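Take a look at the structure below.
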Amino acid sequence: MSDSLVTATVTVLTAIIGVAVIAVILSRGSNTTGVLGAGGSSFAQSLGSALSPITGASFTGGGVSLAGSL
């Protein structure tokens, strides 16, 4: 297969996925704010866990305590 055919195929597939993502985000039935909030909260907890050896903070959540385990 030539490079131009591969490039064209990838471009079309990327466009289809992009349109699908936009449709899901803008759908009235989707809980976009809830999903984004949960994602942000999860990222903040992961960042806090990663920085806890440096900051000395402990992370407790989900029934698991990581305080003093490192």
Worksheet item: Looking at the stretch 1-40, which of its residues are at pLDDT 90 or above and not aliphatic (A, V, I, L, M)?
Response: 7, 9, 11, 14, 18
Item to complete: From (1) modelled with pLDDT of 80 or more; (2) out of contact with any strand residue (DSSP E or B) (no Cβ under 9 Å at 6 or more places or on another chain), pick out the condition that doesn't hold for residue 63.
Response: (1)
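The values are calculated or read from the model by the stated rules, or taken from the named source; none is laboratory data. The model shown is predicted, which means the values in this text are computed figures rather than measured ones. Here the Cβ is made from the backbone with ideal geometry for all residues, glycine too, and neighbour counts use every protein chain on show.
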